[in-house]
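To start, the structure under review is shown below, and the notes come after it.
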There are 2 protein chains.
Amino acid sequence: MKLIDGKLIARELKRKLQEEIVANNLNPKLAIIMVGNNAASEIYIKNKVKTCEELGIKVNVYRFDESNYENDIINKIKELNADQSVHGILVQSPLPAKFNEDYIISFIDELKDVDGFGTYNLGCLARDEEKFIAATPYGIIKMLEYENIPIAGKHIVILGRSKIVGRPLLLALLNRNATVTIAHSKTNNLKEITTTADILIVAIGKANYITKDYIKDNAVIIDVGINRIDGKIYGDVDFQSVKDKASYITPVPGGVGPMTITMLLYNVVLSAKNERKKNNG
Amino acid sequence: MKLIDGKLIARELKRKLQEEIVANNLNPKLAIIMVGNNAASEIYIKNKVKTCEELGIKVNVYRFDESNYENDIINKIKELNADQSVHGILVQSPLPAKFNEDYIISFIDELKDVDGFGTYNLGCLARDEEKFIAATPYGIIKMLEYENIPIAGKHIVILGRSKIVGRPLLLALLNRNATVTIAHSKTNNLKEITTTADILIVAIGKANYITKDYIKDNAVIIDVGINRIDGKIYGDVDFQSVKDKASYITPVPGGVGPMTITMLLYNVVLSAKNERKKNNG
């Protein structure tokens, strides 16, 4: 069994991004909208800001609180849409319950939707006309590519069907010629499905749920889960149980996690390149 | 084995649509754009017009030929978008090779995209926020519902990944809690995949390709294929081979085919209802 080292792959990708920014004299800029004071969100934002600074990507964080109206946030989005120096806009999830997150993000210009969560970008994925691919799915694809694990023709089973992981991943893998199965909490006979997977990708948010009985010999296991229990972090896959049966595994932590911010910034740089091309064309 | 009678189900649905139009005093109207003189398209349009007239749906066909510019068609679409009496706009496919079909249909107002082929409507499907579902996938779902064949939790395998059948069907079935696999021309070990299906839906355009070796006992078989050979029509499924092994089959002709126009008009009526609601709200 080989570990897929997400930290290492992310570092490589960040180095390439940095080179690309310098070589093309790009001035990428990301705008982050933070609403309320969720502690986990603060950590994510801190990491995003830090990584932007490492790479030479400008970043501004715009803060709102529960006393604000949805329209305050939407007006800021409209202002950022119109600001030509901004290449990416993201709203840090989750928002406090009083806000309609889907409604708010629907105002982000499709050309600056670097999270790829909007209807337009998902529709493009569904039509095999990819623009921005959401960061976690894209990170998983980059990890498979880095390890030279074939995607085309392989049977890939995805557990979990969220809008930010399972659904975009399903479409992006189909576009890369995989045979894809998507299973979820309503699936009957889950083991019968997962044991047919050449590559099993698990994003269900249940600590250590997938044991060796769920996988076939030499399967590639991608563990998207980040479950915090008593201050420790667990994946969705029981690492000890599967480690002698799988051919590759992503560890938790240090697997898919480190790829996510990197692929977000990959999309910001892509957006800056797209804007350059448009202005030169 | 039971035959799923698409003609009968379509007739029932059309009767209900007709009742709904009368009861709600709707004035649904469909605009069809026809470019060039494809003989098969002429037959499809004739059937659409005839069915509209049967149901009390107004319909206009706007004709263009190869000497027209793309902009002539796009300007007509813009005019129809602005026309409040029109609830659905469709461009009859295929267009002559000089025209970019995807580009042209991207101008159809998302609220009038009754074919459901546009990026917005596919994005809504991908986000589990369904607006218009493309007619053939929707027809398949209505047939399964009519026969009380469960979808939730079942393993459904789709063969074929076109933008108008496989891809929207994948998303619509996932939204209905099926476990869904999508396979295609690049799939390795196709039989291993298809023999695990509770419901197998075949849309590959290869006459009689699927024989009994490809299916499991008591599988439900939905045959989307319409292959014309020497003036005869064949499905993608070898009916004689599978008929004693399957629990249900859609015949060709008389299965999925008759549902398609019906579900298109279902969407036109839905659009008329949506517009009524908007104006009353």
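Using all pairs of distinct alpha-carbon atoms, the Kirkwood hydrodynamic radius of the stretch B:196-257 works out to 11.3 angstrom.
Reported to the nearest whole Å, the Cα centre-to-centre distance from the stretch B:199-245 to the stretch A:129-190 is 28.
Grab the beta carbon distance between B:Glu12 and B:Lys206, set R0 = 25 Å, and tell me the FRET efficiency rounded to 0.05. Could the numbers behind the result be given before it?
Numbers: r = 31 Å, r/R0 = 1.24.
Working from the Cβ atoms, E equals 0.20.
With Cα atoms as the point set, the radius of gyration and Dmax of chain A evaluate to 19.0, 55 Å. How would the stretch B:112-154 be classified by its alpha-carbon gyration tensor: rounded, prolate or oblate, with rounded meaning a/c under 1.5 and the a/b versus b/c comparison settling the rest? Here the stretch B:112-154 falls in the oblate category.
Computed from point charges on the beta carbon alone (+1 for Lys and Arg, -1 for Asp and Glu), the dipole magnitude for chain A about its Cα centre is near 360 Debye. Shape verdict for the protein assembly as shown, please, from the Cα gyration tensor: rounded (a/c under 1.5), prolate (a/b greater than b/c) or oblate. Cα axes put the protein assembly as shown in the oblate bin. Build a GNM of chain B with springs between Cα atoms under 10 Å apart, and of B:Leu122, B:Leu190, B:Leu170 the one that fluctuates most is B:Leu190.
Work out the mean other chain Cβ neighbour count within 10 Å for the residues of A:172-181 and drop it here as an integer.
Across the residues of A:172-181, the mean count of other-chain Cβ atoms within 10 Å is 5.
For the stretch A:141-170, backbone nitrogen atoms closer than 20 Å to the point 7 Å from A:Asp213 Cα along Cα-to-C-beta are found at A:159-160.
For the stretch A:24-109, the gyration tensor built on C-alpha atoms gives an oblate shape. Its axis ratio a/c (a ≥ b ≥ c) is at least 1.5, and a/b is not larger than b/c. The mean number of Cβ atoms from other chains found within 10 Å of a Cβ in peptide B:111-124 is 3, as a whole number.
In this label model, B:Lys98 and B:Glu70 are separated by 1.3 nm, measuring between points 7 Å along each Cα→Cβ vector. Exceedance of the 29 Å cut-off in Cα-Cα distance is limited, within the set A:Lys112/B:Lys112; A:Lys112/B:Lys277; A:Lys16/B:Lys186, to A:Lys112/B:Lys277; A:Lys16/B:Lys186.
When chain A is treated as a Gaussian network with alpha carbon springs shorter than 10 Å, the biggest mean-square fluctuation among A:Asn188, A:Asn227, A:Asn38 belongs to A:Asn188.
Of the three principal axes defined by the Cα atoms of the stretch A:135-257, the extents in descending order read 40, 29, 29 Å. Remark on B:Tyr62: its backbone amide H falls under 5 Å from those of B:Ile32, B:Ile33, B:Met34, a criterion applied only to residues 5 or more positions apart or on other chains, H modelled at 1.01 Å from N.
From the residues A:Leu122, A:Asn37, A:Asn27, which one has its Cα farthest along the dipole of the stretch A:1-134 in the positive direction, the dipole being from +1 and -1 charges on Cβ of Lys/Arg and Asp/Glu about the Cα centre? Of the candidates, A:Asn27 comes out farthest on the positive side. Measuring from each Cβ of chain B to the axis that turns chain B onto chain A, the shortest distance belongs to B:Gly123, 1 (residue, then whole Å). The modelled label-to-label distance for the pair B:Ala39/B:Asn24, using points 7 Å beyond Cα in the direction of Cβ, is 4.0 nm.
When the Gaussian network model of chain A links Cα atoms closer than 10 Å, the mean-square fluctuations of A:Gly153, A:Gly123, A:Gly231 top out at A:Gly231.
The mean number of Cβ atoms from other chains found within 10 Å of a Cβ in peptide A:125-138 is 2, as a whole number. Return the percentage of antiparallel bridges among DSSP beta bridges fully within chain A, rounded to the nearest 5 %. Percentage antiparallel, nearest 5: 10. Positive contributions from Lys and Arg (+1) and negative ones from Asp and Glu (-1), summed over other residues with Cβ under 14 Å from the Cβ of B:Gly160, come out at +2.
All of the numbers you see were taken from the coordinates with simple rules; none came from a lab. All values reported here derive from a predicted model rather than from experimental measurement. Please note: Cβ atoms are built from the backbone with ideal geometry, for glycine as well, and neighbour counts cover all protein chains shown.
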